[in-house]
């Protein structure tokens, strides 16, 4: 479906839910996959995306650079993801790796199983930066802006995450 | 392929849950905007709880997509006197006396529930259903108790033999009926030399499945219409402008900390909700896509020129159907129907489902709308009974205010499982049972059980007893476990086994007489239900190192697809196995040359494999390597006293994904394999191609 992106953003800014949903349709898969990779279970991922959407819809009128919609909503999502990750720690609700494997196995097809299983074993910030990189295609500098961190930190985390994944996948 | 690309592809293969699909998000947001106009209905609550309320309403609006309802549904207190996991009487269902009853329930569900259940400042309504004069209709139809086999709508292997199942592929012996590319093709089989007799397609409707009943062809289609509407929103000024600038900085330059962004966003929310700023009402033209399900009944006496006999349409997305004699029962799920604030009970379009007979519109009668006493869903499950041989198709229609998460047909009943009100911290299922006979549908009874029914494979009727498997999620502790419940013919709990498969995701359930198998990716748990006592008992746990898809082959036997590992532990090929009812592998065969990831994408379909237990043939779509990269194949395996033997493979030089084989049938001594592009016929004896018939 083709539509005028800027016009749609403006409509969304005036409170048009359907216009917002059209914008969302362009990015929702990426949003969910980033959330799933980072939070490791479907329910929290859906929660994070839903919460991010609600916040974004409420505050989209604040968005002045219309072309920055994706980066903007991804940033809101990363805030939600970090919040949930903090809740895990505060509630001591960390899942052990077996749980994660079970969850992941139930949610993805067999093709992706090996990689997703190993993905789930990464440290939480590694999962976030790697998902932003490979799912949404952001560079280290862009991820640094989204996550409010240093680009060199992102690069090292990305490198570490990719190395770990490759090692684990090739050793099996 | 680059490592990153590979990861990206694999992650992108993960399906996005329906609950956050753009359609459901649109519903959620529309509710959010319309709720702004319904503030007069809302009780006085804190700003914090208002934010929660929005989240609740949103969740309620998208409940049709949620498999599990976590802590956002209405809470009822545990009753220690009740059997574990069973809520006997709290979920009375009543038939509405008039539309005002329905209006009130919908209004409450949209407006009140969200505010009261989450923040606990207001007690939830105990009875949302009409308080005056409506008797609870139990109408329990006595089950005949016969043990005739029920029709399951999941893993029952293929077959074209079962006319009672709707399918994309049918044959009358001489002709092939096939739905592909949004069209219906009628093709003369003619011993493998095929001829197109007719092709039907229409703008705006997309055929999904069909039945053949004598000289009638019944085609079920989806029809999506765009409905324009205006939504009035309150616009804020002043306070939010300040944070707008800050947020823009945050989003575009990324110089603000994430926590600060969150704070700004929250403040933006508050600004939008306080109403302390100056407000203007603005009407915004918009539109919503609404789905209807269309049933077209054709006279196919002349296959080259099918004549339309009647057209029936009802609101909602197609969920499932069943044909029994001349009656077709159709189930749709209807949500997202609201296009304006619910402030006019005369406007039936906004809250009452409709159906159309030959384009004549009718609303479902209030007395045909069943209302759970604590309706937590604003979705309707709509079921109609159609006489496909009659002049006018509709025999009866019923709707229940419940999302249709899973449905199951037995010979006498239709069971609809929807999200129920939480039992303490645990999710639950509301089960509604309708009796079905000759197209007439009557409300029978209802019950609630702990947990969410896993899917349609998790319900099964045997000797009048409904057995079902649910997954409980405790919103407080985060614990998950499965349960088996047995409801007797009176729809009362007669047996249960709870707390099994802890922290495992059971994805499929197999029933075989008194046995139940719960399958997760790492283990299969076998439980036995001893009849007539109905008390399930855990039998044993089997382990499997690989995910396996199971399909029912015949009574007491299952077929399964799994991978064959190389020395490094990677899947190198595909294996077909036959298992007994204890899931012990009794025979297997490797599909020589099949690429490990080439088995049909549609593995969850009940019909992806072709089974003919009488001739002992099993067909499997797959692909293997070729000089062009890969080629599409259709494997044929025979199963006899000497076990499984690879009979051969039908090869056709199609390398495009779109032309991979979806299905196949055997008619006489010819195998017909179907892709979206063509039908390929081959001799059954040597699988040599006779002809490839293009569909476009």
State the Cα centre-to-centre distance between region A:138-166 and region B:307-372 in whole Å. 52 Å
Counting only other chains, what is the mean number of Cβ atoms within 10 angstrom of the Cβ of each residue in peptide A:48-55? 6
Shape call for region B:393-451, from the Cα gyration tensor axes a ≥ b ≥ c (a/c under 1.5 means rounded, otherwise prolate when a/b beats b/c, else oblate), comes out prolate
Using the Cα gyration tensor of region B:323-482, with a ≥ b ≥ c the square roots of its eigenvalues, what is the shape: rounded (a/c below 1.5), prolate (a/b larger than b/c) or oblate (neither)? oblate
Averaged over A:68-81, number of beta-carbon atoms from partner chains that fall within 10 Å: 4
So how do A:38, B:482 line up by other beta-carbon neighbours within 10 Å, fewest first? B:482, A:38
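Read-outs throughout are calculated quantities, based only on the coordinates presented, and are distinct from any laboratory measurement. Just so we're clear, the structure is a prediction, and the values are computed from it rather than from any experiment. FYI the Cβ positions are ideal-geometry reconstructions off the backbone, even for glycines, and counts take in every protein chain you see.
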